[in-house]
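Enquirer: Sharing a structure below in structure tokens format, with a few things to ask.
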Amino acid sequence: MLDLIIVGAGVAGLSASVYAQRAALEARTLERDGMGGGQLAEAVQVENYPGMTQISGFDLAQAMRRHAEALGSVFETAEVLRLIQRQSHWEVQCADGTRYKARAVIAAMGTQRRRLEVPGEEQYTGHGVSYCATCDGAFFRGKTVAVVGGGDTAVDDALYLSDLAETVYLVHRRETLRANRRRQELLRTKKNVVFLWNTVVLAIHGKEQVTAFTTDTQGVKRTIPTDGVFIAVGSVPHTDCLPPETARDAAGYLLTGEDGKTNLPGLFAAGDIRSKPLRQAVTAAADGASCVVSAERYLQGESKALI
Ligand SMILES: Cc1cc2nc3c(=O)[nH]c(=O)nc-3n(C[C@H](O)[C@H](O)[C@H](O)COP(=O)(O)OP(=O)(O)OC[C@H]3O[C@@H](n4cnc5c(N)ncnc54)[C@H](O)[C@@H]3O)c2cc1C
């Protein structure tokens, strides 16, 4: 029986892995995507992680992984399908049939991109519709693309694509962006970025590939030619493998205290999967650390059963 299973090797899971080693816990970190790194690995440039003036998200995530491995953290490539609360432990069931037993679990599964839910989105996913500018941007060199959204991800995507594409439409349903101000200002300096304010996407059209999208700007409809549509309209937490009784907020994020305790004994949550005001690498790293300290106390029998 393990002391601790950490599910997810994004920033939260990697930070938890480091702290678990430092606490000499018998721990495993399970990650479905090989090397992991999570969303941070998609960030083109990170300029707000303390100690790193400027670093690619991929390099930062790899550095965190190397740090954990250097301390002796054990990683397994495994997709967790179910976390089941038994009387004295948690059972972790993986897609390949492997089962683990652990006295405590840290859920650090992060989030996935929200879909726009418009006609054409599903049909053209992988054929001009993308949720990852870093992954697919190179296919649109010299072409026209649209980015849908107004948060950090949308602005980052538009910035990245503005260096590749001929024209980038930024389509946002409000008239101000929610993204980091410095990144917004940088985006406004880009001559090939066209802002479509107060605008929603109604449909995405194409033949074999995307050819256009239809918008509604306060009642005025337009169909605009494009080669690609990048969707960056927020995220939904990866909580499917958790027991249904795990407490969540209205948007489905896990309710915990700052100590990471969920309402279920021995289950802790770290990073973007939590209900919290700021989802960033630095807060995910802090959560991973807090959860391990809470798990340690729980394992020592000091925790109360419920928050
Ligand atoms: C494009 C982009 C740019 C960003 N830029 C910045 C920035 O400049 N600065 C900053 O501070 N933050 C930035 N962020 C936000 C930051 O990346 C996230 O807040 C942080 O990475 C969240 O980490 P996490 O570990 O909570 O979740 P995630 O990064 O989502 O990691 C979760 C991990 O869990 C794994 N997983 C999920 N489900 C399972 C399962 N069932 N079984 C096994 N494994 C599973 C996933 O594969 C993933 O590796 C950016 C995010 C994006 C998308």
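Enquirer: Tell me the per residue accessible area of segment 115-231 using a 1.4 Å probe; a whole number in Å² is fine.
Expert: Per-residue accessible area for segment 115-231 comes out at 51 Å².
Enquirer: Here's another thing I want to ask about it. What nm distance separates the two modelled labels at GLN209 and ASP240, each placed 7 Å from Cα along Cα→Cβ?
Expert: Rounded to a tenth, the inter-label distance reads 3.0 nm.
Enquirer: When all C-alpha to C-alpha distances in segment 31-137 are sorted into bins of 10 Å, what percent of pairs does each bin hold, rounded to whole numbers?
Expert: 12, 30, 32, 22, 5
Enquirer: Which three semi-axes in whole Å describe the equivalent ellipsoid of the chain, each the square root of 5 times a Cα gyration tensor eigenvalue, listed largest first?
Expert: 39, 20, 17
Enquirer: In whole Å and largest first, what semi-axes does the C-alpha gyration tensor of segment 188-307 yield when each eigenvalue is scaled by 5 and square-rooted?
Expert: On the way: eigenvalues 381, 51, 31 Å².
Equivalent-ellipsoid dimensions as semi-axes: 44, 16, 12 Å.
Enquirer: While we're on this one: Separation between the GLN93 and LEU186 pseudo-spin-labels, each 7 Å from Cα along Cα→Cβ, expressed in nm?
Expert: In this crude label model, GLN93 to LEU186 measures out at 4.5 nm.
Enquirer: Moving on to the next point. Which whole-number percent of Cα pairs in segment 161-229 have a distance greater than 19 Å?
Expert: Considering segment 161-229, 38 percent of its Cα-Cα pairs are separated by more than 19 Å.
Enquirer: Specify the angular offset, from 0 to 90 degrees and rounded to the nearest 10, of the alpha carbon long axis of helix 152-162 from the longest principal axis of the alpha carbons in the chain.
Expert: Taking the Cα atoms of the chain, the angle to 152-162 is about 50 degrees.
Enquirer: May I pose another question? Assigning unit charges at the beta carbon (Lys, Arg +1; Asp, Glu -1) and nothing else, what dipole magnitude in debye, to the nearest 20, does segment 115-231 show about its Cα centre? Before the final figure, lay out each step's value.
Expert: Numbers: 15 positive and 14 negative charges, 92 e Å.
Once rounded to the nearest 20, the dipole reads 440 debye.
Enquirer: Provide the convex hull volume over Cα atoms per residue for segment 115-231, in Å³.
Expert: Given the Cα convex hull of segment 115-231, per-residue volume reads 89 Å³.
Enquirer: With a cut-off of 20 Å, note down the residues of segment 239-270 whose backbone N falls inside the zone around a label point 7 Å from the Cα of ILE84 toward its beta carbon.
Expert: Residues 239-247, 264-268 qualify, since their backbone N sits under 20 Å from the label point.
Enquirer: Here's something else I'd like to know. Cα axis of helix 11-22 to longest principal axis of the chain: angle in degrees, 0 to 90, nearest 10?
Expert: 20 degrees
Enquirer: Within 10 Å, count the other beta carbons around each residue, average over each peptide in 208-215, 157-164, and list them highest first.
Expert: So the peptides 208-215, 157-164, ranked by packing, come out 157-164, 208-215.
Enquirer: For segment 70-99 and segment 132-168, what is the separation of their C-alpha centers, rounded to whole Å?
Expert: Between the Cα centre of segment 70-99 and that of segment 132-168, the gap is 37 Å.
Enquirer: A follow-up question, please. Does segment 88-129 come out rounded, prolate or oblate by the C-alpha gyration tensor, with a ≥ b ≥ c the root eigenvalues, rounded set by a/c under 1.5 and, if not, prolate when a/b is larger than b/c and oblate if not?
Expert: In terms of gyration-tensor shape, prolate.
Enquirer: Given R₀ = 25 Å, FRET efficiency for SER275-GLN54 by Cβ-Cβ distance, to 0.05? If you can, show how the numbers build up before the last one.
Expert: Values: r = 31 Å, r/R0 = 1.23.
The calculated FRET efficiency here is 0.20.
Enquirer: With the full set of protein chains in place, find how many percent of the accessible area of the chain is carbon and sulfur; take the probe as 1.4 Å.
Expert: Roughly 48 percent, rounded to a whole number.
The values are calculated or read from the model by the stated rules, or taken from the named source; none is laboratory data. Only a predicted model underlies this, so the values are computations on that prediction, with no experimental measurement involved. Glycine also receives a Cβ, built like all others from the backbone with ideal geometry; neighbour counts cover every protein chain displayed. In case anyone asks, the SASA skips ligands and DNA or RNA and just uses the protein heavy atoms, side chains included. Shrake-Rupley method; radii C 1.70, N 1.55, O 1.52, S 1.80 Å.
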